[in-house]
1. For region 27-87, place one equal point scatterer on every Cα, skip the solvent, and apply the Debye formula. What is log10 of I(q)/I(0) at q = 0.22, 0.28, 0.29 Å⁻¹?
2. Each residue of region 393-399 in order: what ³J(HN,Hα) in whole Hz does its phi give by Karplus 6.51 cos²θ - 1.76 cosθ + 1.60, θ = phi - 60°, with x for Gly and Pro?
3. Roughly how tilted is helix 234-246, in degrees to the nearest 10 and between 0 and 90, from the longest Cα axis of the chain?
4. If one puts a single equal scatterer on every Cα of region 176-263 and applies the Debye formula without solvent, what log₁₀ I(q)/I(0) results at q = 0.11, 0.18, 0.21, 0.24 Å⁻¹?
5. Rolling a 1.4 angstrom probe over the protein heavy atoms, how many square angstrom per residue are accessible across region 172-254?
6. Can you say what percent of the DSSP beta bridges in the chain, counting only those with both residues inside, are antiparallel? Round to 5.
7. Quick check: from the Cα gyration tensor, does region 260-393 come out rounded (a/c under 1.5), prolate or oblate?
8. Which one, Ala355, Val385, Val90, is farthest towards the positive end of the dipole of the chain when Lys and Arg carry +1 and Asp and Glu -1 on their Cβ?
Amino acid sequence: MDVRAIKVSGLLISLLVMAACSQKSVSGTFPESGNSAFACDGFKIENRFLVEWEDGRITTVEAENKNVFIEKFLKPQLDQIRYVEFDRPVWLNQEDMQFETTAIGTQTTWGQAMIEADSAWNQGVRGQGVKVGVVDAAVDYTHPQLSPRLDANTAEINGQGGVDDDGNGYVDDKYGWDFYGNKPQPTITSGNVHGSHVAGIILADHNTGTLPGIAPRASLVPANFMDQGGGGTLGAAINAINYVSSRGVKVINASWGGTYCSSSLKNTVRALEQKGILFVVAAGNEGNDLDIQPEFPAAFDLPAQLTIGATRSSDFFAGFSNSSYKYVHLAAPGDQIYSTVPGGYAYLSGTSMAAPFVSGTAALLWSAKPQATLAQIRQALMNSVDVKDYRVMTRGRLNVRKALDEIRRLVP
Ligand SMILES: [Ca+2]
């Protein structure tokens, strides 16, 4: 190495050191802070901010307005803050907020039959030992087919009322947490059906009712963050994802979306890879190609995620389902799906209903092969589809029997 080369590399190092030590700017940390050209289309919540700290935590901060937030919160601790964005609304991926208690020309269990779920049940593979997080609207904890499946947080159940016995920041979270109402158990109204419906598809107990959940011995960690109308915020969704992760789930079902950008949500989902947690996302119901009109979380391209389109009982791709060769990995039944709702059962349609078929199947695979890695589970689900001509990455539809064969091949 000659002197000149040493000088150049020395200069590079000092430039790098200067960059690392340089004063952060408000506009660099919070690109939406000005009235500049930084564009993130779609709605934002003007008085709530998602703060990503240098240590990786993401918190939600409320302030009177943007200027008050910048002066009183951001500037005094700019060095400790990596990134700020506005909080934003997200919506459920139910095709229509109406629901029916009867369906015409559709069997109540066409989806379970089409994906050959009974082949796993007949082999004793039922999701035992696997926890699934349902990050959604309120789940009815008292439904006879769901209540036996609730994962018990024993420290809280055996602990004292009004005390955070396990020190996780949530008082009396015996089963889950309501991130909308900020209390242990959500308030259930008859019209608030989505969370219970999603949970039932995944793991309705076969012993206490007629609906055959895909993984009927898996256990449920519910974390709702939606209001009664099916609207929620990114900040609450992130808290709910982190909550169910801390409760030891292997699979998280996310049947919602619609935001056009979010660094905070993307980093939250990215962090699931290291924890070995699969994040199953509904593709959305706008009938769009996500390559052209991306929305999130559906169009994140992350190793922990699978994005799911919806099919009909005819085995055609549903017209309402978003598609994409790049972002939607596979499809699953999502039209006229019968499942649990408060007080009984109902039919709902949407990619919201398709994602839980895949979440339940992931739980089955992990109960068959507990040592399987996240990458192997994801690969088994994608390698084993019944190949069709859908506009999705694998071209095909979920098949439980073949997915189980495939995980056994991948994990001998
Ligand atoms: Ca607690």
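1. -0.88, -1.38, -1.45
2. 3, 8, 6, x, 10, 3, 9
3. 70 degrees
4. These q points yield log10 I(q)/I(0) values of -0.33, -0.87, -1.14, -1.35.
5. Ligands and nucleic acids excluded, the figure is 27 Å² per residue.
6. On the way: 28 of 55 bridges.
Given both bridge residues lie in the chain, the antiparallel proportion sits at roughly 50 percent.
7. Rounded is the answer for region 260-393, as its axis ratio a/c remains below 1.5.
8. Among Ala355, Val385, Val90, the one farthest towards the positive end of the dipole of the chain is Val385.
The values are calculated or read from the model by the stated rules, or taken from the named source; none is laboratory data. This is a predicted model, so every value here is computed, not measured. Backbone-built Cβ (ideal geometry, glycine too); neighbour counts: all protein chains shown. Remember, those area values only see protein heavy atoms, side chains included, never the ligands or the DNA or RNA. Shrake-Rupley method; radii C 1.70, N 1.55, O 1.52, S 1.80 Å.
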